[in-house]
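Novice: Sharing a structure, written as structure tokens. Questions coming.
The values are calculated or read from the model by the stated rules, or taken from the named source; none is laboratory data. Nothing here was measured: the structure is a model prediction, and the numbers come from that model. Reconstructed Cβ throughout: ideal geometry from the backbone, glycine too, with neighbour counts over all protein chains shown. Just so you know, the surface numbers come from the protein's heavy atoms only, side chains and all, with ligands and any DNA or RNA stripped out. Shrake-Rupley method; radii C 1.70, N 1.55, O 1.52, S 1.80 Å.
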Amino acid sequence: QVQLVESGGGLVQAGGSLRLSCEASGRTFSNNIVGWFRQAPGKEREFVTAISWSGGSTYYADSVKGRFTISRDNAKYTVYLQMNSLKPEDTAVYYCATSWRVRDSTKRDEYDYWGQGTQVTVAS
């Protein structure tokens, strides 16, 4: 069974930075896409960013382009989300997810395994 564990969330002032990590276990970390989604109170879970298994392709929501960077270290079974210039509207629970069914996707339903989430709070 695949397990994903997120870490690195916390409270930060607007304009600040955080780096989230997602560590996977339970299955060979190759040929899978890994994505980050977020869910703010009262809102649906939304796509943030994703990275192909090779790291050669990355995808970003328009709201985070130029501020967030996704990367992965397959040897460590870990994906990172570097978040810069954070805004109060970035406040949410951030979830890591992965899929071996698709090569690239921004759709929540195409991801099969999810972490428990980590809270990011950006104070104004």
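Novice: Of all residues being outside any loop (DSSP other than H, G, I, E, B) and β-branched (Val, Ile, Thr) in the range 106-122, which is farthest from Ser7 (Cα to Cα)? Just the residue, please. So that I can check it myself, show each step before the final result.
Specialist: Step one: filter the range 106-122 for residues outside any loop (DSSP other than H, G, I, E, B), giving 108-110, 113-114, 118-122.
Applying the additional criterion that residues be β-branched (Val, Ile, Thr) yields 118, 120-122.
Numbers: Thr118: 6, Val120: 10, Thr121: 14, Val122: 16 Å.
Only one residue fits best here, namely Val122.
Novice: Taking the range 63-77 on its own, how many of its residues are surrounded by fewer than 14 Cβ atoms within 10 Å (Cβ to Cβ) and of a type in the set (D, E, K, R)?
Specialist: Selection size over the range 63-77: 3.
Novice: Can we say Tyr60 is farther than 19 Å from Val5 by Cα, in contact with a Ser or Thr (Cβ under 7 Å, 6 or more places away or on another chain) and open to solvent by 10 Å² or more (accessible area, probe 1.4 Å)? Give the derivation first.
Specialist: Working: farther than 19 Å from Val5 by Cα: yes; in contact with a Ser or Thr (Cβ under 7 Å, 6 or more places away or on another chain): yes; open to solvent by 10 Å² or more (accessible area, probe 1.4 Å): yes.
Here the answer is yes, as Tyr60 does meet what is asked.
Novice: Also, I was wondering about something else. Take the range 3-25 and flag every residue that is part of a loop (DSSP other than H, G, I, E, B) and surrounded by fewer than 16 Cβ atoms within 10 Å (Cβ to Cβ). Walk me through it before giving the result.
Specialist: Initially, the range 3-25 is screened for residues part of a loop (DSSP other than H, G, I, E, B), giving 8-9, 14-17.
Within the range 3-25, Ala14, Gly15, Gly16, Ser17 meet the criteria.
Novice: In addition: For the range 77-124, give me the residue count where each residue is under 11 Å from the mean Cα position of the chain (by Cα) and of a type in the set (Phe, Trp, Tyr).
Specialist: 4
Novice: Also, I was wondering about something else. Does Ser54 fit the bill of being modelled with pLDDT under 95, part of a loop (DSSP other than H, G, I, E, B), farther than 11 Å from Ser21 by Cα and not aliphatic (A, V, I, L, M)? Break it down stepwise before answering.
Specialist: Working: modelled with pLDDT under 95: yes; part of a loop (DSSP other than H, G, I, E, B): yes; farther than 11 Å from Ser21 by Cα: yes; not aliphatic (A, V, I, L, M): yes.
When the stated conditions are applied, Ser54 passes them.
Novice: Still on this structure, I have one more. Applying the selection to the range 78-105, what residues are surrounded by fewer than 18 Cβ atoms within 10 Å (Cβ to Cβ) and not in a strand (DSSP E or B)?
Specialist: Residues satisfying the conditions are Asn84, Ser85, Lys87, Pro88, Glu89, Trp100, Arg101, Val102, Arg103, Asp104, Ser105.
Novice: Out of the residues in the range 26-53 meeting the condition of being open to solvent by 40 Å² or more (accessible area, probe 1.4 Å), within 16 Å of the chain's Cα centre (by Cα) and of a type outside the set (D, E, K, R), tell me which one is nearest to Thr118 (Cα to Cα). If you could, list the steps in order and put the result at the bottom.
Specialist: Just the residues of the range 26-53 that are open to solvent by 40 Å² or more (accessible area, probe 1.4 Å), to begin with: 26-28, 31, 39, 41-46, 53.
Filter again for within 16 Å of the chain's Cα centre (by Cα), leaving 39, 44-46, 53.
In the following step, the residues that additionally are of a type outside the set (D, E, K, R) were identified as 39, 53.
Values: Gln39: 10, Trp53: 23 Å.
Here the answer is Gln39.
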